[in-house]
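The next block holds one structure in the form of structure tokens; read it before the comments.
The numbers here are math on the coordinates, done by the rules we state, and not lab data. It should be emphasised that the depicted structure is a prediction, and the values quoted were computed from it without experimental measurement. As a convention, Cβ positions derive from the backbone with ideal geometry for all residues, glycine included, and neighbour counts pool all protein chains shown.
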Amino acid sequence: MTIGITAPNGITLGLASRWTRLVGQMVDGFVAAIPLLAITILATFTGGIGGPYLIAATFAWMFFYLIFGDGLHQGQSFAKQWLGIRVVSADTGAPCTFGQSFLRNMLLAILGPIDWIFIFGDRHQRLGDKAAGTIVVVAD
């Protein structure tokens, strides 16, 4: 059974499952960490040449991707594209903006697991989703 909502513009959106969202969160964490893994391997073979600059760039990438990734590709981070889900405005069904992505993901970064407790509501919204006015739906 697909759970869905109807946005005010009349478009019916199927909600992404909680499990799909959890897998997406884990895959996004891995995508964000790939450069750090690559730099660690590179530093092992080069004796750490350029290490501090590469590590700083890697942490900048990780911050950008984890905080603003849902504003990419019409509301889809790389993991969300792969899983066929997207983040949209709960009011209009429009793709998630970078501002909404910032708000929803900063609350996740600050509150951690507490943010995820709220996903058990009928609209599958984390606290960050509620604050940003977003929902995660099956991509059309």
Hey, what angle do you get for helix 98-111 against the long axis of the chain, alpha-carbon based, 0 to 90 degrees rounded to 10?
70
Give me the base-10 log of I(q)/I(0) for the chain at each q in 0.19 Å⁻¹, Debye formula, one uniform scatterer per Cα, rounded to two decimals.
-1.03
Mean separation of Cα contacts under 8 Å (6+ apart) over length of the chain, as relative contact order %:
27
By how many degrees, between 0 and 90 and to the nearest 10, does the Cα long axis of helix 51-68 differ from the longest principal axis of the chain?
0
Taking the Cβ of ILE110 as the centre, find all other residues whose Cβ is under 14 Å away and add up their charges (Lys, Arg: +1; Asp, Glu: -1).
+1
When the chain is fully extended, how far beyond the present Cα-Cα distance does LEU36 get from TRP61, taking 0.36 nm per residue of separation?
8.0 nm
On a full-extension model of 0.36 nm per residue, what is the gain between ALA131 and TYR53, subtracting their alpha-carbon distance, rounded to one decimal in nm?
24.6 nm
Within the stretch 116-140, list the residues whose amide N lies under 20 Å from a label point set 7 Å along Cα→Cβ of THR12.
122-124, 135-140
Among residues other than ALA79 whose Cβ falls under 14 Å from its Cβ, what is the net charge (Lys/Arg +1, Asp/Glu -1)?
+1
Identify which of ALA109, ALA79, ALA90 has the largest mean-square fluctuation in a Gaussian network model of the chain, with springs joining Cα atoms closer than 10 Å.
ALA109
Highest mean first, how do 124-132, 34-42 rank when packing is the count of other Cβ atoms within 10 Å averaged over residues?
124-132, 34-42
